[in-house]
C-alpha cells in the first residue's frame, strides 16, 4: 500500500493558522519559529555535560556589590538598604557561578542558593531594580505575575513556562539562559491560607511546583501543552526521524520573588507582643509597617500561608520602603530614566520643546503621592495635566511649552491662554 508523504512544515503552519482564524477570529495569532538544525546529541555539549568543559561558556561576571549599587542609584531613588542587599545577593550568586565554570569541582560542593524575597508596596521600583541588574550583567530576564500560574498548567500557565520564557529571552541560547534571572511578582497571592482562614489549594500547588525550579532540576523545553513546541517536535521528527529532548538545568538561575504582603505586619506585631521598643502592636504608619517587615522571620511567612519548604528556599529577604512626595520629586528631577524625559521626547516628535519648572515638578510629585501607587502615579498625574496640550499643540504653530505651577493647577486656562482662543475650551 502506498504511503502518503508527511506534509511540509509550511503546510502544517497554514492549517493551524486557518484553524486559529476560524476559532478565534483575528484575536489570536499563531506564529511558528523554526528551530535551527542542530548536531546530534552526542556531538554537542548539553548544559549538564558542559560542566566539564569550561571553554563552552562565554559568560563573565566581574562586578562588585558597590558597582551594582552605584548603577542602581542612577535610576532608582531611595531603597538604599534594598539596593545593597540585592547587590550582595547577586554578586554572591554569580561569583559562585563563575567558580563552577572555571573549577568544575566547585559545582559538586554544597551551596545554598541566594534566591531573594522582596517585600514592599506597589510602585516602589522592585521590578525595575531587578531588570536593571539583569541588563547590566548581561543575562536574560523574565518577569511574570504569580497569579498566571496553576498547579497543573491546564488552567493558567505551568511554572516550567518561566524557564522556557527565559530561553526565549536568550534567543534560544541554552547556555546563556541557564544564568538568567526569573522574577515572580505578586507571590503573596500564592499564600495557602489567607487572613480569612480559607485554603487555596492551587496556590500551594504552585509553591511546590516552584520548589524544584528554585533549587536544581532539568526542565524540558518542549512542554506537553505548548502547541508551538509540538509543531517543532513534529518538524524535527520529519527531518531526523526522531525527537531529542531539549533540557535546561536551573542550578544557576537566580529566582527573585516579590509582593506587597498586606497583613504580614500584623502577624509580626502579634509575635512581638510589643516587646520591641518603638513598635506598637497595631501599626498605623507606613514607617511602622516597613520597620515591622524588616523584622520578619520564617515563622511569620508560614503563618501568612506559605509552605516552610518554599520560604526556606528564599533566604535573602529585602524590604522596600514606600515612596513619599519628596522621593517622587527626585525621581522626576534626578533619575536618568525620569518620566519627564519620555514626555520631552513625545513633544519633540511634534517639533515642540517641553520644559518644566522646579515648582511644577514638586506639585506633580505631591499629587502623585496622593494616588498611593508609588512612582506609577507620576504618569497618571502627567497624563491628566498634559493630555489636551498633546492634542492641541501639534496642530498649532506653538513650538515651546513650559510647564509651570500655574499650568499644573489650571491646565485648561493655561491652554486657552497659550492658544489665544476666545472659545471656551472643554475637555473632551
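The values are calculated or read from the model by the stated rules, or taken from the named source; none is laboratory data. None of the values given here were measured: they were computed from a predicted structure. With ideal geometry, Cβ positions are generated from the backbone for all residues, glycine too; neighbour counts draw on all protein chains shown.
Given the structure, is residue 336 under 23 Å from the mean Cα position of the chain (by Cα) and either touching a residue at least 60 places away in the same chain (Cβ under 8 Å) or at positive phi (or both)? Spelling it out, residue 336 is indeed under 23 Å from the mean Cα position of the chain (by Cα) and either touching a residue at least 60 places away in the same chain (Cβ under 8 Å) or at positive phi (or both). Within the stretch 364-378, being crowded, with 22+ Cβ neighbours inside 10 Å and over 21 Å from the mean Cα position of the chain (by Cα) holds for 364, 365, 368.
Within the stretch 40-54, is there a residue that is at pLDDT 85 or above, within 22 Å of residue 252 (Cα to Cα), surrounded by 12 or more Cβ atoms within 10 Å (Cβ to Cβ) and assigned by TED's automatic domain parsing to the domain that holds residue 293? No, the stretch 40-54 contains no residue that is at pLDDT 85 or above, within 22 Å of residue 252 (Cα to Cα), surrounded by 12 or more Cβ atoms within 10 Å (Cβ to Cβ) and assigned by TED's automatic domain parsing to the domain that holds residue 293. Just to be sure before I move on: is residue 117 part of a helix (DSSP H, G or I), outside the structural domain of residue 331 (by TED's automatic domain parsing), crowded, with 22+ Cβ neighbours inside 10 Å and in contact with a helix residue (DSSP H, G or I) (Cβ under 9 Å, 6 or more places away or on another chain) in the structure I sent? Taking the combined requirement at face value, the residue does not satisfy it. Based on this model, can you work out whether residue 179 counts as surrounded by fewer than 20 Cβ atoms within 10 Å (Cβ to Cβ) and either modelled with pLDDT of 90 or more or in the same structural domain as residue 216 (by TED's automatic domain parsing) (or both)? For residue 179, the condition - surrounded by fewer than 20 Cβ atoms within 10 Å (Cβ to Cβ) and either modelled with pLDDT of 90 or more or in the same structural domain as residue 216 (by TED's automatic domain parsing) (or both) - is not met. Filtering the stretch 391-408 to residues that are exposed (fewer than 13 other Cβ atoms within 10 Å of the Cβ) and part of a helix (DSSP H, G or I) leaves 391, 395. Are any of the residues in the stretch 413-423 touching a strand residue (DSSP E or B) at 6+ places or on another chain (Cβ under 7 Å), surrounded by 12 or more Cβ atoms within 10 Å (Cβ to Cβ) and either modelled with pLDDT of 90 or more or closer than 19 Å to residue 346 by Cβ (or both)? Among the residues of the stretch 413-423, not one is touching a strand residue (DSSP E or B) at 6+ places or on another chain (Cβ under 7 Å), surrounded by 12 or more Cβ atoms within 10 Å (Cβ to Cβ) and either modelled with pLDDT of 90 or more or closer than 19 Å to residue 346 by Cβ (or both), which makes the answer no.
Residue-wise test of (1) buried (at least 18 other Cβ atoms within 10 Å of the Cβ); (2) over 26 Å from residue 91 (Cα atoms); (3) within 21 Å of the chain's Cα centre (by Cα); (4) at pLDDT 90 or above.
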site: 236; (1), (2), (3), (4): yes, yes, no, no
site: 242; (1), (2), (3), (4): no, yes, no, no
site: 261; (1), (2), (3), (4): yes, yes, yes, yes
site: 280; (1), (2), (3), (4): no, yes, no, no
site: 289; (1), (2), (3), (4): yes, yes, no, no
site: 294; (1), (2), (3), (4): no, no, no, no
site: 304; (1), (2), (3), (4): yes, yes, no, yes
site: 309; (1), (2), (3), (4): no, no, no, yes
